[in-house]
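Everything on this sheet refers to the single structure shown next.
The values are calculated or read from the model by the stated rules, or taken from the named source; none is laboratory data. The structure displayed is predicted, hence computed values, not measured ones. Note that we place each Cβ from the backbone using ideal geometry, even for glycine, and neighbour counts take in every protein chain shown.
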Amino acid sequence: MVQLQFRRLAPRATLVVLTLALQAGCTPTHASHPPAARARPAVAAPVAETEAAVAQRALAGVVLVVTQRADGKVGYGSGVLMPGNVALTNHHVVDGAKSIAVMFYDSERPSYATTDGGLNRYLFENDKSLVAARTIRSDTQLDLAVLEIAGDTVGLPRLPMRMGPVMIGERVLALGHPAENVWSFTSGSVSSLRVGVVQTDAAINEGNSGGALLDSRGRIVGINTLKLIGGIQGIAYAVPTALADAFVRGTAGGIAVDRASPETASRTCSRAAELAAPSWAECDDGLSAVDLSEAAMDVAALAFEDPPQLLEYIRFRRSKRSRASQAQFVVRTRAALIRGDEAVFKELVAERDAAAAAWHGPTRADVFSALSEKRLRDVARRLEVAKQRLDRDHTLMPQVLEQRTGLKRDMRALWFPSERDVLRMGMRIERVTKVDSSQAWVHIKGRNRDGTAYAYSQLWMRSESGWSERAVPTAQQSLTLPQGFPSPAFDWDAVLAHQAEHEIASWEGVVVETLGRAK
């Protein structure tokens, strides 16, 4: 993707907050219908068809993706039309975009070389052909994003996907908009097959990102995603069709986890984490989050001199939610977040809120309304302390983690079993020891991004569905750690203290509102 100095599109903003809160919004513009297609829907061609004929026939299946940033700069890339009113592109093409639009192929529309105005001129003269779009699913690790187009695309062609494996040495075509040259193609061969990518020597440059890599019959074998820089020529990558198709369909990201044993579970789950596959959500039983939440509520209530009202409220909340249902909610929510599926996430949040609204019993508002104004001010001061401690934890917790295990992670990655960038440096299983038939420890070794080593132990618990990781073992569970095994990544007491402060800080809204009424 490249950026140009060009202002036009209406603003759009998307905010994603991990764990249990995500908000997304977008304002589509130019929601007009695309021009009538001048080409019939693409179909696979005979093997003998020339590369030029294949490319010419396939161009209408590729769109120009135009983005506007908060600083006013315009970027662009490529996209491939998919079944439905959607297009597939790269995550980095639309990442951070304030607004997104697409343009469809029109063979009669004049285009220009950079010496004659290039893309700036092309966009200016054809501004009315832009059709608004928005991101509905995105994945940083696969570098893929699905765009919903605010217009009718029924008459436009879709390129067929080749689901069979591509072969080394096979001829391929790369379609896209390289270096402002809209709807161009280059040809080459498959150089090699790597884990999760197709390597090709077909020329891929800025603007090709998100375009189609086709075989000699015009079938998609990959989505162009990356060219190595630094003077290296003839090496480019594409996301293979199997991963791209699974991503579009919102399935498990092309990788399944094997939870038949602690060893296979740890190995396949780490791969799922590296790819940010939704199947990773199956690897955590969700009970650590539930146990920590309930214990944190107790600690938070006991932090005050008169906890009975809070304890009553907490007991009521527990009576209405089983641990199993809470754990299931955590797992489903994480899967939706990893998938970037806003619709599913909003459904889950609405489901949770509806269940909360159906409760008939004490609420936090009832608890704080019973307190005197002086006591409310004491609580408000305690809230300030909680927020200060949370800010401190954002600095200290990564340091504590590094001291315990050697693992270097930032705060954003602390609540995931493995940090994706670190996993790309390599990880191996040293030992596996079962405590009993339902509990096992796995000794992990790996390397940080700077090459330094880390080691920690994972606790895996067996259930009817297979082995799942207990991300934060309780203090009692940690006593079963085999001799010679390194510490778990997280200490229960430290994480519990952090969660308790988070619980207290969450009371701020209702306390402030109650104080306002008291005045």
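A single member of S99, S111, S184, S129 is closer than 21 Å to D201 by Cα and in the same structural domain as Y237 (by TED's automatic domain parsing), and it is S184. Checked against the criteria, G340 does not count as of a type in the set (G, A, S), at pLDDT below 65 and over 31 Å from the mean Cα position of the chain (by Cα).
Residue-wise test of (1) under 26 Å from the mean Cα position of the chain (by Cα); (2) more than 30 Å from F345 (Cβ to Cβ).
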| position | (1), (2) |
| --- | --- |
| A132 | yes, no |
| M163 | yes, no |
| V166 | no, yes |
| A174 | no, yes |
| N181 | no, yes |
| I204 | yes, yes |
| N208 | yes, yes |
| L213 | yes, yes |
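When every residue of segment 162-174 is checked against the conditions, at least one turns out to be in a loop (DSSP other than H, G, I, E, B) and at positive phi.
Residues in segment 500-511 that are surrounded by fewer than 20 Cβ atoms within 10 Å (Cβ to Cβ) and of a type outside the set (V, I, T): H502, A505, S506, E508, G509. Is there a residue being outside any strand (DSSP E or B), farther than 22 Å from A246 by Cα and out of contact with any Phe, Trp or Tyr (no Cβ under 8 Å at 6 or more places or on another chain) anywhere in segment 182-193? Among the residues of segment 182-193, not one is outside any strand (DSSP E or B), farther than 22 Å from A246 by Cα and out of contact with any Phe, Trp or Tyr (no Cβ under 8 Å at 6 or more places or on another chain), which makes the answer no.
Segment 66-106 holds strands (runs of 3 or more DSSP E) entirely within its bounds, and those carrying 3 or more residues that are modelled with pLDDT under 95, touching a strand residue (DSSP E or B) at 6+ places or on another chain (Cβ under 7 Å) and of a type outside the set (D, E, K, R) map to 73-82.
Go through segment 157-170 and report how many residues are out of contact with any strand residue (DSSP E or B) (no Cβ under 6 Å at 6 or more places or on another chain) and touching a residue at least 60 places away in the same chain (Cβ under 8 Å).
Residues of segment 157-170 that are out of contact with any strand residue (DSSP E or B) (no Cβ under 6 Å at 6 or more places or on another chain), as a first pass: 157, 160, 163-165, 167.
Restricting the remaining residues to those that are touching a residue at least 60 places away in the same chain (Cβ under 8 Å) gives 157, 160, 163.
Qualifying residue count, segment 157-170: 3.
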